[in-house]
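Comments concern the structure below.
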Amino acid sequence: MDLMDMKKLLEGVKNNEIEVEEAMEKIEDLPFKDLEFAKIDNHRQIRVGYPEVIYCEKKTVEQVKNIVKFMMTKNNNILATRASEEIYNGVKEICEDAKYNELGKTITIQKREEKTTDSYIAIVAAGTSDLPVVEEAVETAKILGNRVEKIIDVGVAGIHRLFARMDIIRGAKVIIVVAGMEGALASVVGGMVNKPVIAVPTSVGYGANFGGLSALLTMLNSCASGVSVVNIDNGFGAAYNASIINKL
């Protein structure tokens with residue numbers, strides 16, 4: 001339930017189109033539904049504009065299935081991140097419409113049509129090895145109702161590839177830059193655009209990359225003033241923040 005749904009419900013009660021008892025049934029699970037192993041935050045979309053997202057890692061198949069089963073009753077779009085194929089197969093048993101991005105490890109269920117933004121988010125990846133994080137960001141941005149332009153394999157080792165796509169990148173309202181190794185791409189892009197850049201360090205790289213730590217530190221130390229940084233491999237967090245910016 002979002003603010004518009006709540007407004008329609010209250011207006012329906014006011015105009016005697018909806019019985020008070022029916023309205024009470026619709027809101028009885030606010031602010032949350034207790035499933036014993038999880039408390040689903042049904043109030044989140046009213047507070048922040050987006051429904052709760054399911055983080056699947058370390059959850060059992062049955063736990064995720066039960067969460068999805070309840071969330072489907074609310075007619076909201078559903079996003080699950082870090083989902084294994086086993087979890088997807090379990091969700092597919094209760095929802096034929098569930099879609100799986102194998103590379104990004106996301107499950108999406110489209111219960112309602114979202115108006116897609118005219119402005120777009122550009123998601124720029126340094127290398128093909130960064131694509132799992134890119135795909136998590138793409139699926140997140142899309143399910144939240146954003147137009148997305150994806151530019152891949154334009155890292156600094158062949159920077160001419162980046163320059164060939166600068167018109168698309170500069171046209172975005174907000175830019176997500178995904179890079180591993182030393183993570184320099186975010187600074188390069190940040191120094192060439194007048195839009196906010198959200199940098200995502202990835203765990204791609206040899207030993208001294210320290211599982212993404214070197215890329216994280218490079219991005220945090222960027223001398224390009226418009227660059228902000230999320231956690232290592234956090235495509236979801238980058239896309240969530242980009243969506244907020246894109247819809248301002």
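With respect to being under 30 Å from Ile168 (Cα atoms), free of Cβ contacts under 8 Å to residues at least 60 places away in the same chain and assigned by TED's automatic domain parsing to the domain that holds Pro201, Val124 falls outside the description.
On the given criteria, is Gly190 of a type in the set (Gly, Ala, Ser), more than 15 Å from the chain's Cα centre (by Cα) and within 25 Å of Ile54 (Cα to Cα)?
Numbers: of a type in the set (Gly, Ala, Ser): yes; more than 15 Å from the chain's Cα centre (by Cα): yes; within 25 Å of Ile54 (Cα to Cα): no.
So Gly190 does not fit the description; no.
Over 14 Å from Ile143 (Cβ atoms) and of a type in the set (S, T, N, Q): is that true of Thr108 in this structure?
Working: over 14 Å from Ile143 (Cβ atoms): no; of a type in the set (S, T, N, Q): yes.
Answer is no for this residue.
Select from region 98-145 the residues that are among the β-branched types (Val, Ile, Thr) and not in a strand (DSSP E or B) and write down the one among them that is surrounded by the most Cβ atoms within 10 Å (Cβ to Cβ).
Just the residues of region 98-145 that are among the β-branched types (Val, Ile, Thr), to begin with: 106-109, 116-117, 121, 123-124, 128, 133-134, 138, 140, 143.
After this cut, where a residue has to be not in a strand (DSSP E or B) as well, the list is 116-117, 128, 133-134, 138, 140, 143.
On the way: Thr116: 11, Thr117: 17, Thr128: 11, Val133: 29, Val134: 27, Val138: 24, Thr140: 27, Ile143: 22.
The residue in question is Val133.
Report whether or not Ile245 is touching a Lys or Arg at 6+ places or on another chain (Cβ under 9 Å) and part of a helix (DSSP H, G or I). Yes: the conditions hold for Ile245. Selection within region 8-22: residues that are part of a helix (DSSP H, G or I) and of a type in the set (D, E, K, R). The member of this set that is surrounded by the fewest Cβ atoms within 10 Å (Cβ to Cβ) is Glu21. Go through region 127-156 and report how many residues are without any contact (Cβ under 8 Å) to a residue 40 or more places away in the chain and acidic (Asp, Glu). Residues flagged as without any contact (Cβ under 8 Å) to a residue 40 or more places away in the chain and acidic (Asp, Glu) within region 127-156 amount to 2. Within region 195-205, the set of residues being in a loop (DSSP other than H, G, I, E, B) and either closer than 15 Å to Val133 by Cβ or free of Cβ contacts under 8 Å to residues at least 24 places away in the same chain (or both) comprises Thr202, Ser203, Val204, Gly205.
Every condition in (1) crowded, with 21+ Cβ neighbours inside 10 Å; (2) of a type in the set (A, V, I, L, M, F, W, C); (3) more than 19 Å from the chain's Cα centre (by Cα) holds for Ala224 except the one numbered (1). Within the option set Glu25, Glu62, Glu36, being farther than 22 Å from Glu114 by Cα, modelled with pLDDT under 75 and outside any loop (DSSP other than H, G, I, E, B) holds for one residue only, Glu25. Of everything in region 50-71 that is within 20 Å of Lys142 (Cβ to Cβ) and in contact with a helix residue (DSSP H, G or I) (Cβ under 8 Å, 6 or more places away or on another chain), the residue that is surrounded by the fewest Cβ atoms within 10 Å (Cβ to Cβ) is Val53.
Annotation: Leu103 fulfils all but one of (1) under 23 Å from Pro51 (Cβ atoms); (2) among the hydrophobic types (A, V, I, L, M, F, W, C); (3) not assigned by TED's automatic domain parsing to the domain that holds Ile198; the unmet one is (1).
The values are calculated or read from the model by the stated rules, or taken from the named source; none is laboratory data. Here the structure is a predicted model, which means the values were calculated and not measured. Note that each Cβ is placed from the backbone with ideal geometry, even for glycine, and that neighbours are counted across all protein chains shown.
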